[in-house]
Every structure is written in structure tokens, then in C-alpha cells.
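**Q** Questions regarding the structure given below will be posed in turn.
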Number of protein chains: 2
Amino acid sequence: MRCRKCDERAVINMRHHKLSLCGDHYGEWFVAQIERAIEKYKMFTRDERILVAVSGGKDSLSLWDVLLRLGYQADGMYIGLGINTPIPYSDASLEMTRKFLARGGWRESGGDGDSVTSNVTPYTPFLHVVDVPEVYGKSIPEISRAKMRGQGRPCAACGLTKRYVMNRLAHERGYAVLATGHNLDDEVAVLFQNTLRWQTGYLARQAPTLPASHEGLVRKVKPLCRMYERETATYAVVRGIDYIYDECPHAAGNQMNFHKTLLNQLETESPGAKLSFYLEFLRARGEGAFDQFNETVELHACEICGQPTTAPGRCAFCRMWDVSAIVQ
Amino acid sequence: MRCRKCDERAVINMRHHKLSLCGDHYGEWFVAQIERAIEKYKMFTRDERILVAVSGGKDSLSLWDVLLRLGYQADGMYIGLGINTPIPYSDASLEMTRKFLARGGWRESGGDGDSVTSNVTPYTPFLHVVDVPEVYGKSIPEISRAKMRGQGRPCAACGLTKRYVMNRLAHERGYAVLATGHNLDDEVAVLFQNTLRWQTGYLARQAPTLPASHEGLVRKVKPLCRMYERETATYAVVRGIDYIYDECPHAAGNQMNFHKTLLNQLETESPGAKLSFYLEFLRARGEGAFDQFNETVELHACEICGQPTTAPGRCAFCRMWDVSAIVQ
């Protein structure tokens, strides 16, 4: 397989786009795709400060790399969840993130052929690290065991904690927007799950850009939402980004992964099926299919931490973590 | 496994309902479910004449049986498609249909235990047979080869022909409603297909009851839409209804069947997943999710046959079949 642009050996063949590219041209193409998504979905501008939620995985590190290459003011935030059994998942993730930062690969010009970075003023990124066990006294598996009576996975506690910490830090440090590395496969799995039960409220809110609907909340964006997982992995490899291959040990065998397996069969049978499922959903949503399910909820300030919440007293985070005074 | 009602050996275990039943109680339960669907979706009343599209398969024969047991004025219509290679599919289907009618099983009272038929005035059903090769001069495979230049399956030509013939006969013979044997698995496969591409126009029109939107069109209903394929098959077996097991030879390996395989995996992993996908869709649709996509199309009378059509001149049926004078 040859690169369509230069006849070099291709590193990827994207059947859904009928496009094969070599490493250099693929890197350029990928960056251009992300820039296009940022503009199309009005995610942010070069004047805004962006906080990227980084996990040490291929998606978030690739996203950070692309934003920095494009000259965006993108800082990172790593949340240490304290998940280190049976594998040192959290420790290894932080290490990968620090390595990415130390290496500074986004500063390197690709030479004559690199049309991405040539006109860009380099930005020096900062990495925020919030270690949950250190700040809140327990790891995610520990708080989950304590609060969920040992039932089920810690994923609910983890999701709640991450959303809280991310939004709070982004808002308090004056970031305009929080960017996450969700790829197309992630978005499609969520969409599939919501569609199977026709959860119209969730469908109404699933979008590449979620505006800050309330004081204290920041805008949320997913610039990789149109890129297949395989595409972000290939980008990371092409760019020499070292990332953590392991999935969170608690995610193995969950329903989301079961749905991903089904969706992969669909994609194999009909290349581009996931992309069209997602894009056609956005079209239908844009045409108002779920507008009437977009409730405007009343938000109050949590009596402990002051963060916006639907609950009248303490927010779900402060309740779960038994926070009785503001932790800074 | 024992029947929940009488402790006899169960013939079916419905995990999604957490219900096991013996043959007799299953038959009763099945009929009650259909009666409930007929009422819930306002399909028809006992004063209306119903035309059931029968194919000789388990779904349509079970449906006809249930309607007759419930005392509805239900006649049948069999459309001979001339599909007899590589297996005598059409001939065998008609034979099964005639056998069902000759046997008259719906007239038999189930004895003391049969709460279904005891209060019902028996209706003597009539079977309309429309043989396509005889009336229109070509079998479905022949017209498809002639018109589609030998490309693809004859399913499109078949669907168009059946819809036309069914609606026309129902309307001309004064039936209020056309009932088809689509089961839950069928409906879910179509819903899945439409959802994968968010075909909002189709989603807006997918319902258990489609009102007659125009003079010349009859109401269309699907009383089995909430019953799994396995459930209608079990009903046919329990009732001693002999039906054609073969699928149409042209359907093998089509996309719909591929989707059905995926959906079966989902159902195995999570019993009731199909039912909730369908019912929650109906809820969302009922709450107006797709109302704005429900176009009111202008219909004209076809210049040849007079049937309602969107085309200004000849309808799609008359064009495909090169009809130049009305065939009665």
C-alpha cells in the first residue's frame, strides 16, 4: 500500500475515506482533521486558554500534541486515581504524561515538509497534577469500596470524581475550555448505549462542544470525536509518543467494551459505519430531534465547595467524599 | 422448568419477562398479549374488516390464528411471488397457508381451560390469492432481472410489488386495515438500520399502527410487534400450526440478517435489550422526537392504475411492471 500523496510506503489505510498515507502525510492529515473539527464545532480560538485532561493514553497525549503543534495555549491536567493493583496503572500513566512533556516533541519542526508547525509561535505548556489519594485521602478503589458497599465497579465513583476535579480546576484556574481525548469509538459506544434505551436527555446533550451552561461550569470539547481509535493510535506511533497501552483494570469486560465489540463487527462489515452513525446523529440532533428533551436544570452552589450542583445541599462529590470543608 | 401457572412442564422460558409457561398457558398468554397490543396501539375494532397478509410462515399464520380466535373479521391475502428456485418457496408457502385454512384450528375450543375462544362468535375467513406471475406476467426474480439489469437482489422489486398489491386489494375490497406479521425481531432490525443512519423520516413513520394518511391508502398495523420471533414460533408449535421453515432464498446473507445476528448477541448478553430498544423508541417517538421529520407528502392518483403515488405520472409499480392499462 502506497501513500496517496508521495508514493512512500503507507502506514495506514482508511477504508472509510479510501485513503492511504505515509507517516509524515498521515501526521499532517490528522492535525488538519482536528483543526477542522475545532472550527466546525466552534470549540475554541487561539486566544483562549485550554485545559487538556491527560491520562497518559494515546488519545489524550495525541490531542495535547496536536493542540500544541497548532499553537493553542493548551495546558494539561493529570488526575491520579490511585489505581495501582493489579498493575501500576496510575503510576505508569503519570510517568508517560511526564515523559511526553519532558520530550517536547511538539516543538520539533518536521523540516521542509512540516506545514503544521512552521508558522506557529511555540507555547510552553504546564501540567497540573491532582493526586486524589493525596488530596482527598482515599484512592478511587478505596472510596468506591467504602461508599458502594463493595458492590460493582469503581467506574461510577471514578467518573464523578474526575468530572468534578476537572471542571473545578479548569474554572478556578481561569481556563475557557476543558478538552478531553474521547475518540470516535468512545463517542459511538456512548451514543449506542444511549440509543439502545433512547435516553433522550443524554442524546440531547451528546455533542462535540458543550457550552458552559452556568457560572462555574466550563465549556467542554472533544476535538478527536471524529477520529477512529486506530487513527489516534497511529498518530501517536507516527509522532513517537510513548503512551500507556493498558486499559484501566476496572474497565475490562464492562458493557461499554461489549458494545464496542459489536460495533467493531459492524464496522468490519461496513467500513465507515461508526463514523456515519455518529455524524448522522449530529445532523439529526442539529435539526432538532432531541431539542425538547434538553431540560434547563436549576443549579445551586454546593453548601460545602460552592461548585454548581442540582442538589439543594451538598453536591454529589462532597457527599461521596464526606467533604465538610473546602479542600484547596 | 415449570409453568408458573399450573406447574406443568414449561415449553418456553422468557428471561426478559422472568416467565415460564406450559403450552396451554403460553397460548393463552400470547393471545392476551396481542389483544393488549391491538388495544394499546388502537389498531382496529371487532366492527372492522381486517386483511392479514399471509406468507405461510410462523408469524403471519400465528397472527391470523390469534385474530380469528379473538373473533375479529380477519381474511387473509396470499401473494404468489413465483420464487421457486432453488427451493419451491412460493409453492410451499401457499400450500401451508391453504392447509392452515382447511384445518380450521382456530374454531376448536381448548376445552374448559380455553378462556380465549369460549365467548367468541366464529368468523369464517376468506383467503385472497394474488399470483403475481399469472396477473402481471412475470415472477419477482424475472421482473427484477429485467428491470434491475441483473444487479442485486430482487428484494426491492418484491417489496414494492407486495406493498402495492396488498394496499390495492385491501382498499378495493373495502378492508379497513391491513395487518402484517412483523415480529419484534423484524421491527428491531429495521429500527436498528434506520437508527444507524439516523434516517429521521423513516424513524418518524415506524410505528405499530400507521393511519391511512390519504384516500386510497389503508391503515397498516403490526399486532406482533412486541413479540420475539422465538415467541411467535413457539405459539405456532403450541397451536399445531404447520408453517414454512425456509426463509426466502433471496434473503440469505442480506444486511438485515447481519444486523439480526448483532442484535441477537446483544439480547443474549442482556435479555430484553431488543424489547426495551423498541419500546423506548416508541416512547421517544410518542414524545415527539421525530415529529418534525414527518413530512406530509403530496399524493396524486397514478395515471394508469389510479393508486395514490408521489410521482406525478405513473406510479413506481406501473413503471416497473410497464403497466399500460388497468389490470383487474
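The values are calculated or read from the model by the stated rules, or taken from the named source; none is laboratory data. Given the structure is predicted, the values throughout are model-derived calculations rather than measurements. Methodologically, a virtual Cβ is constructed for each residue, glycine included, from the backbone with ideal geometry; neighbour enumeration extends over all protein chains shown. Accessible surface is based on the protein model in full, side chains and every heavy atom, while ligands, DNA and RNA are left aside. Shrake-Rupley method; radii C 1.70, N 1.55, O 1.52, S 1.80 Å.
**Q** Nearest 10 degrees is fine. How inclined is helix B:255-269 to the longest principal axis of chain B, computing both from alpha carbons?
**A** Roughly 20 degrees, rounded to the nearest 10.
**Q** Further question: Can you give the FRET efficiency to the nearest 0.05 for residue B:322 and residue A:13, using r as the Cβ-Cβ distance and R₀ = 56 Å? Show your work: numbers first, answer last.
**A** Values: r = 45 Å, r/R0 = 0.81.
With a Förster radius of 56 Å, E is 0.80.
**Q** Working with all protein chains in place, sort A:295, A:28 by solvent-accessible area computed with a 1.4 Å probe, largest first.
**A** Working: A:295 135, A:28 45 Å².
These residues rank, largest area first, as A:295, A:28.
**Q** So how far, in whole Å, is the C-alpha centre of the stretch B:255-301 from the one of the stretch A:205-276?
**A** For the stretch B:255-301 versus the stretch A:205-276, the Cα centre distance is 25 Å.
**Q** For labels at residue B:127 and residue A:298 in the simple 7 Å Cα→Cβ model, what's the distance in nm?
**A** 6.5
**Q** Further question on the same structure: Which of the three applies to the stretch A:49-187, rounded, prolate or oblate, going by the alpha-carbon gyration tensor with a ≥ b ≥ c and a/c under 1.5 meaning rounded? Please list the in-between numbers first.
**A** Working: a/c = 2.40, a/b = 2.05, b/c = 1.17.
Taking the square roots of the gyration eigenvalues as a ≥ b ≥ c, the stretch A:49-187 is prolate.
**Q** 222 nm [θ] for chain B, helices only, -39500 (n - 2.57) per DSSP H run of 4+, per residue, to 500? Each step should come with its number before you reach the end.
**A** Numbers: 12 runs with 139 residues, N = 328.
-13000 deg cm²/dmol, from helical runs alone.
**Q** All other residues with a Cβ under 15 Å from the Cβ of residue A:183 taken together, and with Lys, Arg as +1 and Asp, Glu as -1, what is their net charge?
**A** With Lys, Arg at +1 and Asp, Glu at -1, the neighbours total -3.
**Q** Next question, about the same structure. Return the FRET efficiency for the residue pair residue B:153, residue A:92: r is the Cβ-Cβ distance, R0 is 51 Å, and the value is rounded to the nearest 0.05. Let's see the in-between values first.
**A** Values: r = 52 Å, r/R0 = 1.02.
For residue B:153 and residue A:92, the calculated efficiency is 0.45.
**Q** Hey, another quick one. Using the structure shown, select from B:58/B:162; A:40/A:220; A:58/A:222; A:138/A:162; A:42/A:99 the pairs with a Cα to Cα distance greater than 22 angstrom. Don't skip to the end; give the middle numbers.
**A** Details: B:58/B:162 18 Å; A:40/A:220 15 Å; A:58/A:222 14 Å; A:138/A:162 14 Å; A:42/A:99 31 Å.
Too far apart for the 22 Å limit: A:42/A:99.
**Q** Next question, about the same structure. Average projected area of the Cα convex hull of the stretch B:257-316, in nm²?
**A** Details: hull surface 26.4 nm².
With the hull built on Cα positions only, its mean projection is 6.6 nm².
**Q** Could I ask something else about it? Could the peptides A:264-271, A:236-243 be put in order, highest first, of the mean number of other beta-carbon atoms found within 10 Å of their residues? Kindly include the intermediate steps, with their values, before the conclusion.
**A** Working: A:264-271: 15.1, A:236-243: 18.2.
The most tightly packed comes first, giving A:236-243, A:264-271.
**Q** Quick one: helix B:184-196 against the long Cα principal axis of chain B, what's the angle to the nearest 10°, folded into 0 to 90?
**A** The two axes meet at around 50 degrees.
**Q** For the ranges B:298-307, B:166-175, what's the packing order if you count other beta-carbon atoms within 10 Å of each residue, average per peptide, and put the highest first? Kindly include the intermediate steps, with their values, before the conclusion.
**A** Details: B:298-307: 16.0, B:166-175: 18.4.
Output ranking for B:298-307, B:166-175: B:166-175, B:298-307.
**Q** In square nanometres and to one decimal, what's the mean projected area of the convex hull around the Cα atoms of the stretch A:1-117?
**A** On the way: hull surface 37.1 nm².
Average of the hull's projected areas for the stretch A:1-117 equals 9.3 nm².
**Q** Moving on to the next point. Within the P(r) computed for the stretch A:203-269, what percentage of the Cα pairs occupies the region above 13 Å? Intermediate values should be presented prior to the final figure.
**A** Details: 1728 of 2211 pairs.
Tail of the P(r) past 13 Å holds 78 percent of the pairs.
**Q** Also, I was wondering about something else. At a probe radius of 1.4 Å, what is the per-residue accessible area of residue B:60, in Å² to the nearest 10?
**A** Here the accessible area works out near 10 Å².
**Q** Give the percent of DSSP beta bridges with both residues in chain A that are antiparallel, rounded to the nearest 5. Intermediate values should be presented prior to the final figure.
**A** Working: 8 of 25 bridges.
Once the DSSP bridges in chain A are tallied, antiparallel ones form about 30 percent.
**Q** To continue, here is another question. As a test of the definition: with a 1.4 Å probe, what buried accessible area, both sides summed, do you compute for B against A, in Å² to the nearest 100? If you can, show how the numbers build up before the last one.
**A** Working: alone 16590 and 16600 Å², together 30790 Å².
Chains B and A together bury approximately 2400 Å².
**Q** Obtain the nm distance between the two label points defined at residue B:264 and residue B:247 by a simple spin-label model: each point lies 7 Å from its Cα along the Cα-to-C-beta direction.
**A** 0.8
**Q** Here's something else I'd like to know. Hey, what's the Kirkwood Rh for the protein assembly as shown if you take every pair of different alpha carbons, in angstrom?
**A** Details: mean 1/r = 0.0347 Å⁻¹.
Mean inverse Cα-Cα distance, inverted, gives 28.9 Å.
**Q** Next up: Which value in nm describes the separation of the simple spin-label points at residue B:257 and residue B:280, placed 7 Å from the Cα toward the beta carbon?
**A** Taking the two extended label points, one gets 3.0 nm.
**Q** Sticking with this structure for a sec: Run the accessible area of the protein assembly as shown with a 1.4 Å probe and give the carbon-and-sulfur part as a rounded percent. Display every interim value, and only then the final one.
**A** Numbers: 14930 of 30790 Å².
Accessible surface attributable to carbon and sulfur in the protein assembly as shown totals 48 percent.
**Q** Compute the normalised compactness of chain B: alpha-carbon radius of gyration over 2.2 N^0.38 Å, N being the residue count.
**A** On the way: Rg = 20.1 Å, N = 328, 2.2 N^0.38 = 19.9 Å.
Here the answer is 1.01, to two decimals.
**Q** Using a 10 Å cut-off around each Cβ of peptide A:265-273, what is the average number of partner chain Cβ atoms that fall inside?
**A** Values: counts 4, 5, 0, 0, 5, 3, 0, 0, 2.
Across the residues of A:265-273, the mean count of other-chain Cβ atoms within 10 Å is 2.
**Q** In degrees from 0 to 90, rounded to the nearest 10, what is the angle of the helix B:89-103 Cα long axis to the longest principal axis of chain B?
**A** Helix B:89-103 sits at roughly 50 degrees to that axis.
**Q** Sequence-distant or interchain residues sharing an amide H contact under 5 Å with residue A:20, placed H: which?
**A** Hits under the 5 Å cutoff: A:4, A:14.
**Q** For the stretch A:148-189, what class follows from the C-alpha gyration tensor (a ≥ b ≥ c being the square roots of its eigenvalues): rounded when a/c is under 1.5, otherwise prolate if a/b is larger than b/c, else oblate? Show your work: numbers first, answer last.
**A** Numbers: a/c = 5.56, a/b = 1.31, b/c = 4.24.
In terms of gyration-tensor shape, oblate.
**Q** Peptide B:292-299: average number of partner chain Cβ atoms within 10 Å per residue? Intermediate results must be reported in sequence, preceding the final value.
**A** On the way: counts 5, 4, 0, 0, 0, 0, 0, 0.
That average works out to 1.
**Q** Another question about this same structure. Averaged over its residues, how many other protein chain Cβ atoms are within 10 Å of peptide B:200-207's Cβ atoms? Spell out each step's value before the answer.
**A** Details: counts 6, 0, 0, 2, 1, 0, 0, 0.
Counting Cβ atoms of other protein chains within 10 Å of each residue's Cβ and averaging gives 1.
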